[in-house]
Amino acid sequence: MEERMRGIGQLARESGLTVSALRFYDGAGVLVPAHVDPWTNYRWYSDEQVVVARLVARLRRVGLPLAEISRVLEHRHDLAVVDAVLEAHLRRLEDGLADARRELSRARSLLAPESPMTSISTTTTALLDAMRAVRFAVGTDPELPMLTGVLVDADDDAVRLVATDRYRLVVRTLPGASLDGGPVSAIAPVALVDEALATFTGDAPLTLEVDGDDVVLTAGERSVRGRRVDADYPAYRSLIREPGSTQVELDVARFRDELAAAPTRRVPTGPDGAEETATVLTLGEVELGVNREFLLQALEAGEAGQLLLDLDGPLAPLALRDPQRPGDVSLLMPIRLTAG
């Protein structure tokens, strides 16, 4: 039986997509017409493409990125692949909703007559270890004040320290920490972090208090205090993806030697002709460029003898994870490699 064809207007009515959207998906290669009239350029679609168009409409309705829609369509007969894509997107949506709730709560707190105090109970060992692990990634650009400190991000799930300078991002959790008061997100100035590293020793109980604009660390008779950075920290959680498609278990000591011996390549960094040196790593079928110094700093900041390295391609952030501490991650932006 000959398959019935319909024009772009009828497909729009049957699928819920607009005509302009169908033209866009044709140009993007997501939903290409079964036939295009060579004289009029009019698009014709088959019966099977009605189902595909309805699928595209539903996936776009929940904000699935175009590249992932293409992946779903390409593997639509392989439900394991489709489920993995949809589950990953659902986790992103849930994380985004959690971020939105936190931001609305913080916005509401700005309207309150007094800012409540939040107290975090931990130990000097746990806090100092986390501070050392993130300190190297603190930004220094005065035009980006929100990056010139360490974020203390605490809720009922975990207490995290975060640092980023846009080129790398490090997240460390405080094991065993407890929270007294509401969730808090405060940027501790780097001077306070350095003072804490120089002041506290041993493994004594330590309290970190965020009281209005003040951040206070107290352990025994010793105390350090600083004013929180008055800026909004980037939404770092959206950058922390699930483990990528290529995963490599690393022996840290051996990987340092391999990194030292890896070839380098001079690559352009912008339209002004400036160049930088990229260290070229080959991981499975993926070749990517990295800043050797930045990667070595990330390795030095970790305590594990074994790390899990993962990535989603040559332009996706490189992630270092400690298999024993799944909440901790160190991300490094790759350097785009050119031919040659």
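The values are calculated or read from the model by the stated rules, or taken from the named source; none is laboratory data. The shown structure was predicted, so the numbers you read here are calculated from the model rather than taken from an experiment. Note that we place each Cβ from the backbone using ideal geometry, even for glycine, and neighbour counts take in every protein chain shown. The protein model used for the area step is the full one, side chains on, heavy atoms only, and it has no ligands, DNA or RNA in it. Shrake-Rupley method; radii C 1.70, N 1.55, O 1.52, S 1.80 Å.
Compute the signed sum of charges (Lys and Arg +1, Asp and Glu -1) over the other residues within less than 13 Å, Cβ to Cβ, of ARG292.
-2
Can you give the angle from 0 to 90° between the axis of helix 190-199 and the longest principal axis of the chain, with both taken from C-alpha atoms, to the nearest 10?
Here the helix axis deviates by roughly 40 degrees.
Report the local net charge at ILE335: Lys and Arg +1, Asp and Glu -1, summed over other residues whose C-beta lies under 11 Å from its C-beta.
+2
If you fit an axis through the alpha-carbon atoms of helix 124-135 and take the longest principal axis of the Cα set of the chain, what angle between them do you get, 0 to 90°, nearest 10?
50
In degrees between 0 and 90, to the nearest 10, how far off the longest principal axis of the chain does helix 252-261 point, with axes built from Cα atoms?
70
For the range 45-162, just the Cα set please: Rg and Dmax, both in angstrom.
Answer for the range 45-162, Rg first and Dmax second: 21.7, 67 Å.
In percent, how large is the relative contact order of the range 171-272, given Cα pairs closer than 8 Å and 6 or more residues apart?
About 20 percent, as a whole number.
Considering the dipole of the chain built from charges on the beta carbon (Lys and Arg +1, Asp and Glu -1) around the Cα centre, which of LEU295, THR140, ALA80 is farthest to its positive end?
About the Cα centre, the residue reaching furthest to the positive side is ALA80.
With the contact rule set at Cα under 8 Å and sequence spacing of 6 or more, what percent relative contact order holds for the range 142-184? The partial results should precede the final answer.
On the way: 57 pairs, mean separation 14.8, N = 43.
That works out to 34 percent.
Given a 1.4 Å probe, how much area per residue of the chain is accessible, in Å²?
Here the per-residue accessible area is 56 Å².
So I have (i) 203; (ii) 172; (iii) 127, and one of them is volume of the Cα convex hull per residue in Å³ calculated from this model. Which one is it?
Among (i) 203; (ii) 172; (iii) 127, the one derived from this structure is (i).
By how many nm would the segment from ARG71 to ARG4 lengthen if fully extended, with 0.36 nm per residue of separation less the alpha-carbon distance?
Numbers: separation 67, 0.36 × 67 = 24.12 nm, distance 2.67 nm.
Length gained between ARG71 and ARG4: 21.4 nm.
Okay, helix-only estimate at 222 nm for the chain: each DSSP H run of n ≥ 4 adds -39500 (n - 2.57), divide by all residues, round to 500 deg cm²/dmol; what do you get?
Values: 9 runs with 115 residues, N = 340.
Rounded to the nearest 500, it is -10500 deg cm²/dmol.
Could you order the peptides 92-103, 47-58 from most to least packed, using the average number of other C-beta atoms within 10 Å per residue? Write down the numbers at each step before the final one.
Working: 92-103: 13.1, 47-58: 16.4.
The peptides rank, most packed first, as 47-58, 92-103.
Under unit Cβ charges (Lys, Arg +1; Asp, Glu -1), what dipole magnitude, rounded to 20 debye, does the chain have relative to its Cα centre?
860
For the chain, what's the relative contact order in percent, using C-alpha pairs closer than 8 Å and at least 6 residues apart?
12
Any chance you could look up the accessible area of HIS75 with a 1.4 Å probe, heavy atoms only, rounded to 10 Å²?
Solvent-accessible area, nearest 10 Å²: 50 Å².
For the chain, modelled as a Gaussian network with Cα springs under 10 Å, which listed residue fluctuates most, ARG172, ARG132, ARG60?
Of ARG172, ARG132, ARG60, the Gaussian network model singles out ARG60 as fluctuating most.
Over the chain, what percent of the accessible surface lies on carbon and sulfur atoms, probe 1.4 Å?
C and S atoms contribute 52 percent here.
Quick one: order ASP251, ASP153 from most to least accessible surface, probe 1.4 Å.
Putting ASP251, ASP153 in descending order of accessible area: ASP251, ASP153.
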